[in-house]
Amino acid sequence: MIEVVKKEDCCGCKGCSQICPKQCISMYEDVEGFLYPKVDKEACIDCHLCEKVCPVLHQGEPRKTQRVYAAKNMDDEIRMASSSGGVFTLLAELVIESGGVVFGARFNARWEVIHDYTETKEGLTVFRGSKYVQSYIGDCFGIAKTFLESGRKVLFSGTPCQIAGLKLFLRKEYVNLLTVDFICHGVPSPKIWRMYLNETIAHQCEKFHSIDGKGILIENVSFRNKCLGWKKFSFTLTFSRFKGNGLKKSILLSEVFTRNIFMKGFLSNLYLRPSCYSCPSKGFKSGSDVTLGDFWGSEKILPFFDDDLGISVVMVNSNNGNFYMENVRDRLALYQVRTEDVLCHNSCLVESVAPHINRHDFFSDYEKGVLLAMGKQFKQSFVHNVIFKIVSTSKRIIGK
Ligand SMILES: Cc1cc2nc3c(=O)[nH]c(=O)nc-3n(C[C@H](O)[C@H](O)[C@H](O)COP(=O)(O)OP(=O)(O)OC[C@H]3O[C@@H](n4cnc5c(N)ncnc54)[C@H](O)[C@@H]3O)c2cc1C
């Protein structure tokens, strides 16, 4: 039976809980806001399936990358809406065009990050763009298996540990499965994200004298807004303030990633999942067919190719991945590059990051207020640094 003794030994893929034939493994949120399995020992039948599917206990052999590309989706609108070069959308569209299903991460109505699937191209919109929070995977492994068994093509995208978890969960190779992971810095705590968002909105309510939070509606969140460019990307939060007379104000909070306090905490490794500091699946151990990433350093390696709208790294790790890349080639601008060209600006491909020196202090302090605790770490007052723009005022709401 699975027993998490050390937090770093569980990546939270939920494979154990999804495979359990007695459904006796539930997931609980720990004090840092990450999910861990808990076994109902009375109901457990000692089948050991939960251990067999664990990507920490069963780490894969590194796959040898066949080809590496710097690539751009030729559709600039899609590229602008994607985090890097928009290659995920091309692979996903190909699967959908052949009647398949695509799994990815999206926001739910509460702006939490969840895994879900779509069978339409329009449904891909919500998957586009990186969400820097660990996604709730739900029952997606089991749902993907049902689609695979029925013969449908499936593209499953996720973090390296989610892909490793899926492949162990499936327990056999499927020719109709395409797995896509990405170069992963690590995943922040869903609880820290939830608190950051709530406190940010509460601060706005105060500002607009809406003490109870009524009349404020989040419309959009982007961790990778490219309005100032791909390299100088911004965190943006758009929300509306409704007035009693049916008028609406749309307000945009927009900060370059180097100034946004949530992004600072993420990129300085303050609240990543403990297993991210010794990732079991990076360095091509996830078993994915394709690994995507940002082609950082492209201005030095391919200066003529870089237009600051985003370039993806595409690492083709299997014949299956190669087949899909060949089939989207005519919708891409691409150059073959070397693994070293990627590695020299993106060590997260193979190395885990080290925890922030004050990670422990932060987690002993944050429950009184996450903005305060973040502010202490970065000597930054949240209130004085945000840049607000009223993007449209007094638009009359349709129907009122
Ligand atoms: C937590 C995280 C850390 C990352 N760290 C790095 C890094 O260190 N270096 C680097 O080069 N690239 C990193 N990336 C990947 C990069 O940001 C792009 O997602 C990738 O280059 C694909 O871009 P795209 O333009 O092709 O497609 P996009 O449209 O940007 O693709 C988004 C894809 O990512 C998936 N996704 C988004 N958020 C999550 C999530 N929270 N959990 C699981 N899947 C998710 C979506 O389902 C979709 O498949 C990271 C992404 C995430 C989510």
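The values are calculated or read from the model by the stated rules, or taken from the named source; none is laboratory data. What you see is a predicted model, and the numbers here were worked out from it, not measured in a lab. Here Cβ is always computed from backbone atoms with ideal geometry, including for glycine, and neighbour counts include all displayed protein chains. SASA here: full protein model, heavy atoms, side chains in, ligands and nucleic acids out. Shrake-Rupley method; radii C 1.70, N 1.55, O 1.52, S 1.80 Å.
When the convex hull of its Cα atoms is viewed from all sides, the chain shows a mean projected area of 21.1 nm². Annotation: Phe257 carries an accessible surface of approximately 50 Å², with a 1.4 Å probe and no ligand, DNA or RNA atoms counted.
Over the chain, dividing the summed -39,500 (n - 2.57) contributions of all DSSP H runs of at least 4 residues by the number of residues returns a 222 nm mean residue ellipticity of -7500 deg cm²/dmol. Of Lys41/Lys264; Lys282/Lys376; Lys172/Lys226; Lys72/Lys285, which ones are farther than 30 Å apart at the Cα? With Cα atoms farther than 30 Å apart: Lys41/Lys264; Lys282/Lys376; Lys172/Lys226. When Leu343, Leu371 are compared by accessible surface with a 1.4 Å probe, the order from highest to lowest is Leu343, Leu371.
Remark: the stretch 279-289, residue by residue, has Karplus-estimated 3J(HN,Hα) of 4, x, 10, 7, x, 6, 8, 6, x, 6, 7 Hz, where x stands for each Gly or Pro and the curve is 6.51 cos²θ - 1.76 cosθ + 1.60 at θ = phi - 60°. Remark: the stretch 64-79, residue by residue, has Karplus-estimated 3J(HN,Hα) of 8, 5, 7, 8, 10, 10, 9, 9, 10, 5, 6, 8, 5, 5, 5, 5 Hz, where x stands for each Gly or Pro and the curve is 6.51 cos²θ - 1.76 cosθ + 1.60 at θ = phi - 60°. Using a probe of 1.4 Å on the protein chains alone, the accessible area found for Lys6 is around 110 Å².
Under a 5 Å amide H cut-off, with hydrogens placed 1.01 Å from N, Gln66 pairs with Val316, Asn317, Ser318 among residues at least 5 apart or on other chains.
Between the stretch 338-369 and the stretch 1-35, the C-alpha centres lie 23 angstrom from each other.
For Leu302, the solvent-accessible surface with a 1.4 Å probe is about 20 Å², rounded to the nearest 10.
Per-residue 3J(HN,Hα) values for the stretch 331-344, derived from phi via the Karplus relation 6.51 cos²θ - 1.76 cosθ + 1.60 with θ = phi - 60°, read 9, 10, 9, 8, 10, 7, 10, 9, 4, 4, 5, 7, 4, 5 Hz in sequence order (x marks Gly and Pro). Relative contact order of the chain: 22 percent, from C-alpha pairs under 8 Å at least 6 residues apart in sequence. Projecting the Cα atoms of Val180, Val290, Asn220 onto the charge dipole of the chain, computed from C-beta unit charges around the Cα centre, puts Asn220 farthest toward the positive end. Each part gets one Cα centre, and for the stretch 141-165 versus the stretch 290-332 those centres are 23 Å apart.
Build a GNM of the chain with springs between Cα atoms under 10 Å apart, and of Leu334, Leu94, Leu217 the one that fluctuates most is Leu217. Could you point to the residue in Tyr28, Gly12, His48 farthest towards the positive end of the stretch 7-52's charge dipole, with +1 and -1 charges on the Cβ of Lys/Arg and Asp/Glu respectively? In the stretch 7-52, that residue is His48.
Basic side chains Lys and Arg get +1 at the Cβ, acidic Asp and Glu get -1 at the Cβ, and with that the dipole of the stretch 7-52 about its Cα centre reaches some 200 debye.
The listed residues Lys368, Lys145, once ranked by accessible area (1.4 Å probe) with the largest placed first, stand as Lys368, Lys145.
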